[in-house]
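Read the structure below first, then the notes.
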Amino acid sequence: MQALYLEIKNLIINTLNLDELTVDDIDTNAALFGDGLGLDSIDALELGLAVKNQYGIVLSAESEEMRQHFYSVATLATFIHSQSA
């Protein structure tokens, strides 16, 4: 799962042009939005599209579960792993 965490962190940095960050700056269990990493709703859309393109996962923006899946790198990795299995 560590490799997937690194992939997702790199995906976040590259997709959202967060060049000032490194993978070590992103806490695997910290919130991606709000007080955590500080991403916003536009970032969520961009990240969702990147996840769809990278992993071929169909996402439902309306789903409350999506918010839970996108809470942190760890929850997103668990979701991606479950969809890939």
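Laboratory data are not the source of any read-out in this text; all were calculated from the coordinates shown. In this text the structure is predicted, and so the values were computed from the model without any measurement. Cβ placement follows ideal geometry from the backbone for every residue including glycine, while neighbour counts extend to all protein chains displayed.
Residue 38 falls short on exactly one of the conditions (1) on the phi < 0 side of the Ramachandran plot; (2) out of contact with any helix residue (DSSP H, G or I) (no Cβ under 9 Å at 6 or more places or on another chain), and that condition is (1).
Each residue in region 8-26 was checked for being without any contact (Cβ under 8 Å) to a residue 40 or more places away in the chain and either surrounded by 11 or more Cβ atoms within 10 Å (Cβ to Cβ) or under 15 Å from residue 76 (Cα atoms) (or both), and 10 of them qualify.
Within region 49-63, not a single residue is small (Gly, Ala, Ser), more than 16 Å from residue 84 (Cα to Cα) and under 11 Å from the mean Cα position of the chain (by Cα).
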